[in-house]
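S.K.: This is the structure I have questions about; it appears just below.
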Amino acid sequence: MVNILIISHSLKIAEGTKELAEEMKQDEVDIQIAGGINNGELGTDADLIEQKLQNMDYKDGIVVLADLGSAVMSFNMVKEWLPEEKQKLIRLANAPLVEGAVLGAVEASLGKNLEEVMATIEENSIINKNNL
């Protein structure tokens, strides 16, 4: 099953996003979070992102959602540290954090593969439909 990593500058935002996504899924999906930095302040922690990715199942792939540009930068840095075979199984979604996490959780829980989950997230997000 495709799994999900939520990266946010805020632990509270990451926890709330995970809570909502967990509520919407139809079956088991591993949803992990990397929110804030160690002392509870706002920011991103590359070591925490790496730790979460190392503990996740890569078999069917991992969808990553991030809240801001520096979270994306931290993720991209960590992704480069991983072996190439794992890099190929991790995708950063171009979608809003909360909406993408919910869409991803639903699709992954329905047994969709990584490409299908990513397509649903990116094709159905509000931003990509120019509805703002």
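S.K.: Can you tell me the FRET efficiency between Asp47 and Glu115 if r is taken as the Cβ-Cβ distance and R0 is 35 Å, rounded to the nearest 0.05?
M.R.: E(calc), rounded to 0.05, equals 0.75.
S.K.: Given the range 3-129, what whole percent of its Cα pairs are spread farther than 21 Å?
M.R.: Within the range 3-129, distances greater than 21 Å cover 31 percent of Cα pairs.
S.K.: Sum up the charges of everything whose Cβ sits under 12 Å from the Cβ of Gln87, counting Lys and Arg as +1 and Asp and Glu as -1, but leave Gln87 out.
M.R.: +1
S.K.: Which of the lysines could a cross-linker bridge to Lys52, judged by Cα under 25 Å and excluding same-chain residues fewer than eight apart?
M.R.: Straight-distance partners of Lys52: Lys12, Lys18, Lys25, Lys79, Lys86, Lys88, Lys112.
S.K.: I would also like to ask the following. At what distance in angstrom do the alpha carbon centres of the range 5-36 and the range 37-53 lie from each other?
M.R.: One Cα centre to the other: 14 Å.
S.K.: So which aspartates and glutamates pass the test for Lys59, namely a Cα distance under 18 Å, with those fewer than 8 places away in the same chain ruled out?
M.R.: Those aspartates and glutamates meeting the cut-off are Asp27, Glu28, Asp30, Glu50, Glu84, Glu85, Glu107, Glu115, Glu116.
S.K.: Calculate the FRET efficiency for Leu11 and Leu82 from the Cβ-Cβ distance with a Förster distance of 22 Å, rounded to the nearest 0.05.
M.R.: That gives a FRET efficiency of 0.40.
S.K.: How far apart, in nm, are the 7 Å Cα→Cβ label points at Glu122 and Asp60?
M.R.: About 2.0 nm, to one decimal.
S.K.: Of the listed peptides 78-91, 2-15, 29-42, what is their order by residue-averaged count of other C-beta atoms within 10 Å, with the highest listed first?
M.R.: Highest mean packing first, the order is 2-15, 29-42, 78-91.
S.K.: With point charges of +1 on the Cβ of Lys and Arg and -1 on the Cβ of Asp and Glu, referenced to the Cα centre of the chain, which listed residue (Val102, Thr120, Val2) lies farthest in the positive direction of the dipole?
M.R.: Farthest along the dipole direction, towards plus: Thr120.
S.K.: Right, next: Run the numbers on the chain and let me know its relative contact order in percent, using alpha-carbon pairs under 8 Å that are six or more apart.
M.R.: 32 percent
S.K.: Taking the mean number of other Cβ atoms within 10 Å as a proxy for protection, how do you rank 48-58, 65-75 from highest to lowest?
M.R.: 65-75, 48-58
No value in this document is a laboratory result; all are computed from the given coordinates. Quantities reported herein were computed from a predicted structural model and do not represent experimental measurements. Cβ sites come from the backbone with ideal geometry, for glycine too, and all protein chains shown count toward neighbours.
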